[in-house]
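Engineer: My questions all concern the structure below.
The values are calculated or read from the model by the stated rules, or taken from the named source; none is laboratory data. As the structure is a prediction and not an experimental result, all values here were calculated from the model. No Cβ is skipped: glycine too gets one built from the backbone with ideal geometry, and neighbour counts run over all protein chains shown.
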Amino acid sequence: MLEDTKGLGKKDDIVEVNDGYGRNFLIKKGTALEATPENLNSVRVKRGALLEKARREKEDAKEVGENMQGKTFVLQMKSGEGGKLYGAVTAMDIAEVLKKEGFAVDKKNVTIKNPIKTAGTFEVSVKLHTDVSVLVYVAVKTLS
């Protein structure tokens, strides 16, 4: 299969279908290839490359996570009376601070447990990969 087909299989799956359906529909439409030795080898090589790429990405995320784990990042915010911030600290604010420190993190991967509306140090979870998450600390300081 070259692409996901509902009720039949997912991309790179090897499925058995009737000759007419395969020849006249799937192959003509470009959603499948005939299971020749060359095509099967091509799928095997492609699958191996994808697995290796996923393994490397996970290793890279683990390495970055080891460098980030437990670090404190300082965020300067404007505040009013009593140390209350004008608005809350957002995931985008934290992602920008991380980017300035050399860690490219998407704001969607930053999880704030409780809204941050005052100065102080707060624990934040950052997801670097589907299997790799780290805890960092954000120290919110008020501007004078």
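Engineer: So, Val134, is that one hydrophobic (A, V, I, L, M, F, W, C) and either outside any helix (DSSP H, G or I) or within 30 Å of Asp12 (Cα to Cα) (or both) or not? Can you show your working first?
Structural biologist: Details: hydrophobic (A, V, I, L, M, F, W, C): yes; either outside any helix (DSSP H, G or I) or within 30 Å of Asp12 (Cα to Cα) (or both): yes.
When the stated conditions are applied, Val134 passes them.
Engineer: Here is a follow-up. Among the listed residues Asn114, Asn67, which satisfies the condition of being without any contact (Cβ under 8 Å) to a residue 60 or more places away in the chain, on the phi < 0 side of the Ramachandran plot and outside any helix (DSSP H, G or I)? Walk me through how you get there before you give the answer.
Structural biologist: On the way: Asn67 fails: outside any helix (DSSP H, G or I).
When all the criteria are applied, what remains is Asn114.
Engineer: I've got another one for you. Scan the range 109-134 residue by residue and report those that are more than 23 Å from Lys84 (Cβ to Cβ), surrounded by fewer than 14 Cβ atoms within 10 Å (Cβ to Cβ) and not polar (S, T, N, Q).
Structural biologist: The one that is more than 23 Å from Lys84 (Cβ to Cβ), surrounded by fewer than 14 Cβ atoms within 10 Å (Cβ to Cβ) and not polar (S, T, N, Q): Asp131.
Engineer: Quick one: what pairs do we get from the range 30-46, first residue in contact (Cβ under 8 Å) with a residue 24 or more places away in the chain and among the basic types (Lys, Arg), second surrounded by 11 or more Cβ atoms within 10 Å (Cβ to Cβ) and assigned to a loop (DSSP other than H, G, I, E, B), C-beta under 7 Å, 6+ apart or different chains?
Structural biologist: Note: pairs meeting the criteria are Lys46/Asp12.
Engineer: Output yes when any residue across the range 86-102 is in contact with a Ser or Thr (Cβ under 9 Å, 6 or more places away or on another chain), more than 20 Å from Leu143 (Cβ to Cβ) and among the hydroxyl-bearing types (Ser, Thr, Tyr), and no when none is. Reasoning before the result, please.
Structural biologist: Taking the range 86-102 first, the residues in contact with a Ser or Thr (Cβ under 9 Å, 6 or more places away or on another chain) are 86, 91.
Checking the rest, the ones that are also more than 20 Å from Leu143 (Cβ to Cβ) come to 91.
Next, only the ones that are among the hydroxyl-bearing types (Ser, Thr, Tyr) stay: none.
Taking every residue of the range 86-102 in turn, none turns out to be in contact with a Ser or Thr (Cβ under 9 Å, 6 or more places away or on another chain), more than 20 Å from Leu143 (Cβ to Cβ) and among the hydroxyl-bearing types (Ser, Thr, Tyr).
Engineer: State all residues of the range 87-111 that are assigned to a strand (DSSP E or B) and within 17 Å of Asn67 (Cα to Cα); if no residue qualifies, say none.
Structural biologist: Quick first cut of the range 87-111, residues assigned to a strand (DSSP E or B) only: 87-89, 110-111.
Within the range 87-111, Val110 is the sole residue that qualifies.
Engineer: Can you pull out the residues in the range 46-99 that are small (Gly, Ala, Ser), surrounded by fewer than 15 Cβ atoms within 10 Å (Cβ to Cβ) and either over 20 Å from Val126 (Cβ atoms) or within 15 Å of the chain's Cα centre (by Cα) (or both)? Full working, then the answer.
Structural biologist: First, pick out the residues of the range 46-99 that are small (Gly, Ala, Ser): 48-49, 54, 61, 65, 70, 79-80, 82-83, 87-88, 91, 95.
Now drop any that are not surrounded by fewer than 15 Cβ atoms within 10 Å (Cβ to Cβ), which leaves 48-49, 54, 70, 80, 82-83, 87-88.
Result: Gly48, Ala49, Ala54, Gly80, Gly82, Gly83, Gly87.
Engineer: Does at least one position in the range 74-86 carry a residue that is modelled with pLDDT under 90, at positive phi and either aromatic (Phe, Trp, Tyr) or not in a helix (DSSP H, G or I) (or both)?
Structural biologist: The answer is no; no qualifying residue exists.
Engineer: May I pose another question? So which residues in the range 112-144 are farther than 16 Å from Leu98 by Cβ and either more than 13 Å from the chain's Cα centre (by Cα) or assigned by TED's automatic domain parsing to the domain that holds Arg56 (or both), if there are any at all?
Structural biologist: Passing the criteria: Lys113, Asn114, Pro115, Lys117, Thr118, Ala119, Gly120, Lys141, Thr142, Leu143, Ser144.
Engineer: Return the total of residues in the range 1-60 being touching a Leu at 6+ places or on another chain (Cβ under 9 Å), more than 24 Å from Thr130 (Cα to Cα) and in a loop (DSSP other than H, G, I, E, B).
Structural biologist: Looking only at that region, the number is 10.
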